[in-house]
Structure formats: C-alpha cells, structure tokens
1. Check whether at least one residue in the stretch 53-63 is more than 22 Å from V18 (Cβ to Cβ), of a type outside the set (A, V, I, L, M, F, W, C) and in contact (Cβ under 8 Å) with a residue 24 or more places away in the chain, and report yes or no.
2. Given the condition modelled with pLDDT of 95 or more, polar (S, T, N, Q), farther than 20 Å from L30 by Cα and exposed (fewer than 14 other Cβ atoms within 10 Å of the Cβ), answer yes or no: does some residue in the stretch 85-104 qualify?
Amino acid sequence: MRELVGEVDSYALLLASVPEQVRWSFRTRLLGPLEEYDSDKRADLVHTLEMFLACSGSWSRTATRLHVHVNTLRYRIRRIEELTGRDLGTLEDRVDFFLALRATQR
C-alpha cells in the first residue's frame, strides 16, 4: 500500500482505488434522492448540480449555462439541499457531491 501513496495525485485515481460497490453506495446515498425526484417530477436537479459545481458555485454563470433565471436556479439548489440534507454553501458538501457525481464514471 505504501507504493500507492506517491502515485495518487488526483481524485480520479483516488476513486479508482475504492471498490466499485463502495463507490456505487456512496453515489446512491448522495444522488439517489435527486435521481428519484428527477424521474418522478421530470426535473433536472442532477444536471443542475453538475453545472453548479462546474461553475464553482457561481449563480450567474450557472444560470446562464442552464438557460434559466437565477431565481429558478436558486429554487433548484434549495430543492437539492432539502432532498439531500446537504448545504451547497459548504466546501465539504460540494466536495461530497463532486465525488459522488464522478464515483461511477469511467
């Protein structure tokens, strides 16, 4: 295991070292409520979350990229927080969401 310490220099390598079942469990716990809501309500919360994180939490840039009014974005982010019990105003929760979104990507 000591040999890997020097080799892990990105989140992708870190995630790759975690067993797939653990990655899926992590992803499902964080994103499952959003995916279920998206499916039931024909919403776009997972995509909104991805864009919000890609824009480093910038309300105006995210709203522009999603082609929605900033108030619509604020509603969606509030809904994400309500459904997950997380706070996108904190770095810790943003990192968790970022990792969950990438946990099962190849």
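The values are calculated or read from the model by the stated rules, or taken from the named source; none is laboratory data. Quick caveat, the model's predicted, so the values are computed rather than measured. Positions of Cβ are backbone-derived with ideal geometry, glycine not excepted, and every protein chain shown enters the neighbour counts.
1. Yes, the conditions are met somewhere in the stretch 53-63.
2. The answer is no; no qualifying residue exists.
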